[in-house]
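The values are calculated or read from the model by the stated rules, or taken from the named source; none is laboratory data. From a predicted model like this one, the values you see are computed outputs, not experimental measurements. Note that each Cβ is placed from the backbone with ideal geometry, even for glycine, and that neighbours are counted across all protein chains shown.
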Amino acid sequence: MKIIDSILTDAASIAAIRKDIHAHPELCFQEVRTADVVAKQLTDWGIPILRGMGTTGVVGVVHGRDGGACGRGVGLRADMDALPMQEFNTFAHASQHKGKMHACGHDGHTAMLLAAAKHLAKHRDFDGTVYLIFQPAEEGGGGAREMIKDGMFDKCPMQAVFGMHNWPGAQMGSFAVSPGPVMASSNEFKITIRGKGSHAALPHNGIDPVPVACQLVQAFQTIITRNKKPVDAGVISVTMINAGEATNVVPDFCVIQGTVRTFSIEVLDLIESRMRQITDNLCAAFDAKPEFHFNRNYPPTINSPAEAEFARKVMAGIVGSENVQTQEPTMGAEDFSFMLQAKPGAYVFIANGDGSHREMGHGAGPCTLHNPSYDFNDDLIPLGGTYWVELATQWLANPTVK
């Protein structure tokens, strides 16, 4: 494993920053303290910063030895926000804020990019510009989209952008990357079926929305099994059904809600269209009236083939090709997808280990993402920081990469 010496030397101090951020988690668009911590570190290291994009976003601008004159730029992105959940860990750096927790490792993502920032600012042994993107509100807020809306790519002209996420359960010292879709689109639906209430003993006097909802749940699965190509991935999950207030009353309405996940916009268009058609026609068959709402949250995260291959080669140079795996796509979602819609790039994964890195006082649950017993593995800081530095400097040194 080829770790940059200066990053290894600074790893303990960067880990201390990580633990401080972990102890003070902030939810989406509320990352004021976290952004201040990041901004202070970057400023102390002589890195000019841009603030306010996406409300609480911070972008560090590191020009190389040419002052950025060559015009080439590359973006490296880390997310900063925490989750609205209670932490079970009781170690010294556990959350100090009830109902808020860094359960996805964004504190660690921030730390790895800070480790790279310090090295890049000190050495500047490259031509061009590295943009260090510390993004708010990945967990449902669409912070990437908001930073783009606020002109990030205009103010920070880059030809490619890269992201990275830790992956619990995978062996420490390994990476994973693949071209094409790596994470799914995230979408929500809410359907209100309006019938006519009646006494439950006299159902013929009303229009019962509950059996309509039951048939809708079953009918939606035929979209997956009979409308969509079997080789195209897609999920429809009805996760909530709410109706009625008494056992002897047929309710006026029933609400069903859930999520849809796909790896392509084409499949998403098909699923939404068919869900609308089935809802309208099935409700009409029962004389019920539907209200259909479909919200597209995050698009699928799709890696550019050339940038994914470039990232793989950089990883192989650090940990050996045998420790670079092909990332199996996951139906989880990620708002880095908005950046990849705007720029070529790749979203990669760094192994977080089996959880044995946690200190005494960790919770009883597994060290998995979005689990109250999770904690980021600080041993990743020098490895992740090295990857960011090598990726940026090699990309800027290769004018054939677009």
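Things worth noting here:
- Of everything in region 1-55 that is under 26 Å from Val324 (Cα atoms) and part of a loop (DSSP other than H, G, I, E, B), the residue that is modelled with the lowest pLDDT is Met1.
For (1) of a type in the set (D, E, K, R); (2) in a loop (DSSP other than H, G, I, E, B); (3) closer than 28 Å to Ala15 by Cβ, each residue gets a yes or a no:
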position	(1), (2), (3)
Leu113	no, no, yes
His119	no, no, yes
Asp127	yes, yes, no
Val130	no, no, yes
Phe134	no, no, yes
Glu138	yes, yes, yes
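- Residue that is nearest to the chain's Cα centre (by Cα), among those in region 148-173 that are in a loop (DSSP other than H, G, I, E, B) and surrounded by fewer than 17 Cβ atoms within 10 Å (Cβ to Cβ): Gly169
- Qualifying residue in region 86-106 (condition: under 19 Å from Ile14 (Cβ atoms), modelled with pLDDT of 95 or more and in a helix (DSSP H, G or I)): yes
Residue by residue, here is whether (1) out of contact with any strand residue (DSSP E or B) (no Cβ under 8 Å at 6 or more places or on another chain); (2) assigned to a helix (DSSP H, G or I); (3) on the phi > 0 side of the Ramachandran plot; (4) not assigned by TED's automatic domain parsing to the domain that holds Tyr347 holds:
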residue: Lys190; (1), (2), (3), (4): no, no, no, yes
residue: Val212; (1), (2), (3), (4): no, yes, no, yes
residue: Leu216; (1), (2), (3), (4): no, yes, no, yes
residue: Ile236; (1), (2), (3), (4): no, no, no, yes
residue: Thr239; (1), (2), (3), (4): no, no, no, yes
residue: Thr247; (1), (2), (3), (4): yes, no, no, yes
residue: Arg261; (1), (2), (3), (4): no, no, no, yes
residue: Arg276; (1), (2), (3), (4): no, yes, no, yes
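- Which numbered condition Asp287 misses (of (1) in a loop (DSSP other than H, G, I, E, B); (2) touching a Leu at 6+ places or on another chain (Cβ under 9 Å)): (2)
- Look at region 26-50: where a residue is more than 21 Å from Lys98 (Cα to Cα) and a partner is crowded, with 17+ Cβ neighbours inside 10 Å and among the hydroxyl-bearing types (Ser, Thr, Tyr), sitting 6+ places away or on another chain with Cβ atoms under 7 Å, you get Val38/Thr110.
- Identity of the residue in region 374-400, touching an Asp or Glu at 6+ places or on another chain (Cβ under 8 Å) and either surrounded by fewer than 24 Cβ atoms within 10 Å (Cβ to Cβ) or not assigned by TED's automatic domain parsing to the domain that holds His106 (or both), that ends up nearest to His165 (Cα to Cα): Thr393
- Residue within region 52-67 that is in the same structural domain as Ile148 (by TED's automatic domain parsing), more than 16 Å from Leu120 (Cα to Cα) and loosely packed, with under 14 Cβ neighbours inside 10 Å present: yes
So that you can scan it fast, the table gives a plain yes or no per residue for (1) hydroxyl-bearing (Ser, Thr, Tyr); (2) in contact (Cβ under 8 Å) with a residue 60 or more places away in the chain; (3) outside any loop (DSSP other than H, G, I, E, B):
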{"site": "Thr368", "(1), (2), (3)": "yes, yes, no"}
{"site": "Tyr374", "(1), (2), (3)": "yes, yes, no"}
{"site": "Asp378", "(1), (2), (3)": "no, yes, no"}
{"site": "Ile381", "(1), (2), (3)": "no, yes, yes"}
{"site": "Gly385", "(1), (2), (3)": "no, yes, yes"}
{"site": "Trp388", "(1), (2), (3)": "no, yes, yes"}
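- Across region 290-308, the qualifying residues are those that are under 21 Å from the mean Cα position of the chain (by Cα) and assigned to a helix (DSSP H, G or I), and the one among them that is surrounded by the most Cβ atoms within 10 Å (Cβ to Cβ) is Glu307.
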